[in-house]
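Novice: Got a structure here, written out as structure tokens. Questions coming.
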Amino acid sequence: MVRDRDNDEWIKSLEAKGPIRESALADLREILSASLKSSLKSRSDYVDNMLDDFLQDSLIRILKALDQFQNRSRFVTWATSIAIRVAMTELRKRRWRDVSLEKLVADTNFDPVAEADDNMVPERRQLIEAMYRVINTQLTDKQRTVLLAEIKGMAQEEIAGQLGCSRNALYKLSHDARFRLKQELVKIGFDSQSFAVAFNG
């Protein structure tokens, strides 16, 4: 039977050595296993044989981060949030592992307005149409590639890997692209209020 502990006992047990630590790890693994199964059961990209990898990676991450636990919530809640983050990150990576960045960006079937909600407010529709015109005509090829890949949901790790650049270089490229996009949208008449109406409507 899994034994729960208060926050201090979880930390002390996981920082201990020998049987005390092993017992705490086994209990934590069971708790995280149940939480992950519940959180991931409705996802079509999840299969049961992934669970062991997610649990192993999560436990390693949690043990390394014990000194970052600030006692603002139950330890188990904090550990579960890490485990879910680990699982979601890995699922995103697996989803894009065999997808070519070049083909993704070249996909002409992607219509951002057509895929949007039918009840979209006119201001938002106009902004999205203008945004894609700017992306396709005013950005460099690399800026366009990065923004379109991010909009279509490709994980940043995968974008960086396929572009052959570091995460820091990708961050700068994405930041510069977004800055240029906003500048160009302002030039054609959109302002901060337009952005607020479009994305809150």
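Rule-based calculations on the coordinates, nothing more; no lab input. All values derive from a computational prediction rather than experimental measurement. Note: ideal-geometry Cβ built from the backbone for every residue, glycine included; neighbour counts use all protein chains shown.
Novice: Starting from the Cα of Lys103, draw a straight line to each of the lysines and keep only those under 21 Å, dropping any in the same chain fewer than 8 residues away.
Specialist: Lys93, Lys142, Lys152
Novice: Along the Cα-to-Cβ line of Glu102, 7 Å from the Cα, sits a label point; which residues in the range 132-174 have backbone N less than 15 Å from it?
Specialist: 142, 145, 162-164
Novice: Next up: If each residue of separation counts as 0.36 nm, what is the full-extension length gain between Asp45 and Thr77 once their alpha-carbon separation is subtracted?
Specialist: Roughly 9.1 nm would be gained on extension.
Novice: Quickly work out the Glu129-to-Met88 label distance, labels modelled 7 Å from Cα along the C-beta direction, and quote it in nm with one decimal.
Specialist: 3.4
Novice: So, with +1 on the Cβ of K and R and -1 on the Cβ of D and E, and no other charges, what is the size of the charge dipole of the chain about its Cα centre, to the nearest 20 debye?
Specialist: 380
Novice: Right, another one. Taking the simple approach of a point 7 Å from Cα along Cα-to-Cβ for both Gln156 and Asp52, what is their distance in nm?
Specialist: Those two pseudo-labels are separated by 3.2 nm.
Novice: Counting Lys +1, Arg +1, Asp -1, Glu -1, what net charge surrounds His175 among other residues with beta carbon under 14 Å of its beta carbon?
Specialist: +4
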